[in-house]
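Working notes, structure below.
Throughout, read-outs are computed from the coordinates displayed, never taken from laboratory work. All figures in this text were calculated on a predicted structure; none of them were measured in a lab. A quick note on method: Cβ atoms are made from the backbone with ideal geometry, for glycine too, and the neighbour counts reach across all protein chains shown.
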Amino acid sequence: MKNSIFINKKIKSYNKKITVSSDKSISIRWALIASQAIGKSKASNLLISEDVLSTLNCLKKLGIKMNLNKKKQTCEIFGNGINGFNYKKNITLNANNSGTLARLICGLLVKAKNKIKIIGDKSLSRRDFSRVIQPLNKFGVNFYPRFKKNLPLSIQGTDFLRPIQFQEKKGSAQVKSLLIFAAMNTPGTTIIRAKKSRDHTENFLKYLKTPIKTIKKRSHDIIEISETKSINPIDYKIPGDISSAAFFIVLTVLSKNSKLLIKNVLTNPTRTGIIKILKKMGAKIILKNKRLYKGEEISDIFIKSSKSLKSINCPENYNASAIDEFLIIFLVAAKAKGYSYFKNLSELNKKESPRLEMATKILKMMGVKIYRNKDSIKILGNPRLSLNKTYKIKNFYNDHRVFMMSVIAGLCFGGKWKIHNKNSIKTSFPEFLNLTKLLGAKYN
Ligand code: S3P
């Protein structure tokens, strides 16, 4: 089947209302937490994407029963309580492309008596796992082969877990979350001092009234987690993913005379860095109909095209809350007047692809003046940016967000684009291309 798309027309103006695919972080967390509850949990509007299906498959291998209806996007999970897994010797869990799954699930396997092998695809196998191994070693958990820092790896837990005190300095929600899961299984109280990052795991557990407490400081949180005896089942209607909405926010900001309302998006402040950054650059974005759902903020997002955009010296404290959105934020900077600066983004090169490198390559190809210095980037925007050459995007480690960024660039700035690996969107946002078509995009 054809796996490339061709763009040779900018998108025309539109005025529409859409919803985007459901939140990936919440879908994965719901499944993992439901597997630890006692009894039946139900999800509706679950994201049916490869990362979530990999999560469900891993849980099935661990003996968790479930009913999934892909068409209706519903799932029931029958949990057997904390560490209530039931599995054969020598099992292998395949996380495919999902760093969130591969890392978070380790926190639930800290009592595994037999070794469990964890594998992933090419992209995941090159990503850093020492951030998982190092703190879990402190709990008493081992990984094999010793001294290896990426997948495939085998994890072996212990019945003699020790609570730890740990400083999470990267602003990684994945690391924070896996430590919370490990701490739930561990006698005593574990204390994590974590640089601010998305707090969905904490929100789930607080809603479920498990023994977890957060003391919020300016740049970090102190999270205290005590051994958790039981978790109640949780029903959840998953809202839209801001990281998917982000592509349509930028499409609208950069297009002419367009308006868009994206309904029902998770707008937890630890995820809305893109909105804060784009507003500082002069974008017209309004959060409407804000409400609270099971500890999470949800809103409708209204966006209008921007006639003029300002450059930004992006405050570093926005980095974690926009971590998955920088690729498309860079596209906005390419059209904003003057120099924009983004600093200390080493984590960006540790994603599904080295994204700082990929962004630099693509923007350079587009003729944008972009300068990279290790973990920082400087972009000289051109308010009249308009493309007319041919651009081929391939060899991007199958990174879904690089694919979507390239499509948005083609639709907003023109030129002829051939973009490979459209199947990459299946990991997080299978509806992406259909939604762009709904707004008027045409592909050959
Ligand atoms: C995620 C956390 C982020 C993010 C990823 C999803 C999560 O990764 O990039 O897409 O659901 O916890 P890090 O925690 O490694 O920054």
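In square nanometres and to one decimal, what's the mean projected area of the convex hull around the Cα atoms of the range 1-49? Could the numbers behind the result be given before it?
Values: hull surface 25.7 nm².
Averaged projected hull area, Cα only: 6.4 nm².
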- Along the range 419-426, what does the Karplus equation 6.51 cos²θ - 1.76 cosθ + 1.60 (θ = phi - 60°) give for ³J(HN,Hα), rounded to whole Hz, x for Gly and Pro? 10, 7, 6, 5, 4, 4, 5, 5
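Output the pairs from Lys392/Lys426; Lys170/Lys263; Lys70/Lys437; Lys259/Lys437 with a Cα-Cα distance over 26 Å in this structure; if there are none, say none.
Values: Lys392/Lys426 21 Å; Lys170/Lys263 32 Å; Lys70/Lys437 23 Å; Lys259/Lys437 15 Å.
Cα-Cα > 26 Å for Lys170/Lys263; rest within.
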- Shape descriptor, the range 255-335: equivalent ellipsoid semi-axes (Cα gyration tensor, sqrt 5λ, whole Å, largest first) stand at 22, 17, 9
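Loop-only trypsin sites (Lys or Arg not before Pro) in the range 90-130, please: DSSP not H, G, I, E or B, and at most 12 other Cβ atoms within 10 Å. Write out the running numbers ahead of the final one.
Numbers: sites: Arg103, Lys111, Lys113, Lys115, Lys117, Lys122, Arg126, Arg127; in loops: Lys111, Lys113, Lys115, Arg126, Arg127.
Hits after loop and neighbour filter: Lys113.
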- Query: Between their Cα atoms, which of Lys195/Lys304; Lys115/Lys176; Lys276/Lys374 are more than 27 Å away from each other?
  - Reply: Lys195/Lys304
- Message: Would you work out the Kirkwood radius for the range 336-428? I mean one over the mean of 1/r across all pairs of different Cα atoms, in Å.
- Response: 13.9
- Item | For the range 119-194: rounded, prolate or oblate by the Cα gyration tensor [a/c cutoff 1.5] | oblate
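Quick check on the chain: helices-only [θ] at 222 nm, where DSSP H runs of length 4 and up contribute -39,500 (n - 2.57) each and the sum goes over total residues. Nearest 500, please. If you can, show how the numbers build up before the last one.
Working: 13 runs with 128 residues, N = 444.
So the calculated ellipticity at 222 nm is -8500 deg cm²/dmol.
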- Query: If one takes the longest principal axis of the Cα atoms in the chain, at what angle in degrees, from 0 to 90 and to the nearest 10, does the Cα axis of helix 50-61 lie?
  - Reply: 10
- Query: If one takes the longest principal axis of the Cα atoms in the chain, at what angle in degrees, from 0 to 90 and to the nearest 10, does the Cα axis of helix 24-34 lie?
  - Reply: 10
- Item | On Cα atoms only, tilt of 355-365 relative to the major axis of the chain in degrees | 10
- Query: Just from the alpha-carbon atoms, what are the Rg and Dmax of the chain in angstroms?
  - Reply: 21.5, 64
- Message: Quick check: the distance between the Cα centres of the range 201-229 and the range 233-310, to the nearest angstrom?
- Response: 26
- Note on the structure: Dividing the mean separation of Cα pairs under 8 Å (6+ apart) by the residue count of the chain yields a relative contact order in percent of 19
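Just rank Met281, Met66, fewest to most, by other beta-carbon atoms within 10 angstrom. Provide the component values of the computation, followed by the final result.
Details: Met281 23, Met66 17.
Fewest-to-most Cβ neighbours within 10 Å comes out as Met66, Met281.
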